[in-house]
Structure formats: structure tokens, C-alpha cells
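Asks: Can you keep this structure in mind? I'll have questions shortly.
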Amino acid sequence: MTPLTHNLTGFALGLGVAAALPHTMAGIFVVGCVLGARAPDWLEIARFNKWSRQRESLIPHRTLTHWLWPWLALLILSVISIRQGGQNLSTSIGMAGFASSGLLHVATDSMTSMGCPLGVNPFGKRTSLRWLRTGSSREILVILAAFVLAGAGWSFR
Ligand SMILES: [Zn+2]
């Protein structure tokens, strides 16, 4: 997926879930979603090598940072922390937004032909739905679906 698609779908996720949250927490959740939307990519610590004209990263692309399980674990821990309440409630809600948006990033990248590691080995076989190519017009459908779901969240409010 392109960075724009990740940003828009992460923002849509934040808007949709924000409908179910108190106003003071909704903004924090949306900010978490925006920060997490591209986190699996920027956590790779990548740069563009102008000499080789290729992307290089400290963590190989679509391995550890695109692995399903750490994002799922972070989301579960955030939800447990939210349920416990306390002084860290805002941080927990922001972290839940960050984790759920990171999870959405992995899910949408899994639609592409390159796929993501969804099994037990983050450096092993990648799973791909082979539904689209990065940058293809089908990404518009993914963005539209995200905003339709976000709108559905507000209609049930
Ligand atoms: Zn990615």
C-alpha cells in the first residue's frame, strides 16, 4: 500500500472508533491511529540510498515490523490497561489507537502481492491475499471501504 493509503485508512479507523469513545478520549485515539498508520514502515528505520537508488532499512522490509503478533499483543495489552483505568488511561487509549492502526497497516499490506509474515516466523514465509498491487487503483476501494466503515461507526452512535 502507498503511504497515503495507510494514512487515510488509519485516520478512518480512528474516526470510526472515536464515535464510541468519550470526546476527551476520542482525540487521543485518533492521534494514536494517525501515528500508527505508517509505523510498520518507519519502524524499519529506512532511508533512500541515492547512489544505488534503492530503499535500504535497518530492519528488512516487511519482516519484524510487519509481523502480526507484536501488534496484536500491543493492542490486547492496551485494552487490558484501558479496562483497569487509572492514571495512564490516556496513554493506554493512545496506544490502543497506535496498535490498532499498525494492525490495520499489516492487514492492508497483506492484500498486496508481497504480503506480510502472519505465521510464527517474522522472517519466514509471507501471507498474501494477492488482491492488489501497491499503487493500483484498487487502493481507492480500500480507502473508500475504510471511510464507509468509519461512517457506520458514527451511525450506530
Ligand atoms: Zn508497510
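The values are calculated or read from the model by the stated rules, or taken from the named source; none is laboratory data. What you see is a predicted model; the values in this text were computed from it and never measured. Here Cβ is always computed from backbone atoms with ideal geometry, including for glycine, and neighbour counts include all displayed protein chains.
Asks: Output the residue which, of all residues in the range 106-128 that are small (Gly, Ala, Ser) and closer than 18 Å to residue 73 by Cα, is farthest from the ligand (Cβ to nearest atom).
Replies: Top of the filtered list is 119.
Asks: Next question. Pairs, please: C-beta under 8 Å, at least 6 apart or cross-chain, first residue within 12 Å of residue 98 (Cβ to Cβ) and in the range 16-43, second outside any helix (DSSP H, G or I) and of a type in the set (Ser, Thr, Tyr)?
Replies: The qualifying pairs do not exist here.
Asks: Considering the range 1-35 alone, what residues qualify as being within 15 Å of residue 152 (Cα to Cα) and in a loop (DSSP other than H, G, I, E, B)?
Replies: Residues satisfying the conditions are 19, 20, 21.
Asks: Another question about this same structure. Mind listing whichever residues of the range 60-80 are surrounded by fewer than 16 Cβ atoms within 10 Å (Cβ to Cβ) and under 18 Å from residue 115 (Cα atoms)?
Replies: 60, 61, 64, 69, 72
Asks: Is it the case that residue 73 is out of contact with any helix residue (DSSP H, G or I) (no Cβ under 6 Å at 6 or more places or on another chain), within 26 Å of residue 123 (Cβ to Cβ) and in a helix (DSSP H, G or I)?
Replies: yes
Asks: If you don't mind, there's one more thing I want to ask. Would you mind stating whether residue 86 is modelled with pLDDT under 95, away from the ligand (no atom under 16 Å from the Cβ) and on the phi > 0 side of the Ramachandran plot?
Replies: yes
Asks: Scan the range 104-121 for residues that are part of a helix (DSSP H, G or I) and surrounded by fewer than 19 Cβ atoms within 10 Å (Cβ to Cβ) and report the count.
Replies: 1
Asks: Right, next: Which one is farthest from residue 1 (Cα to Cα), of the residues in the range 16-64 that are polar (S, T, N, Q) and away from the ligand (no atom under 15 Å from the Cβ)?
Replies: Per the criteria, the residue is 24.
Asks: Can you tell me which of 92, 100 is among the polar types (S, T, N, Q), assigned to a helix (DSSP H, G or I), more than 14 Å from the ligand (Cβ to nearest atom) and free of Cβ contacts under 8 Å to residues at least 60 places away in the same chain?
Replies: 92
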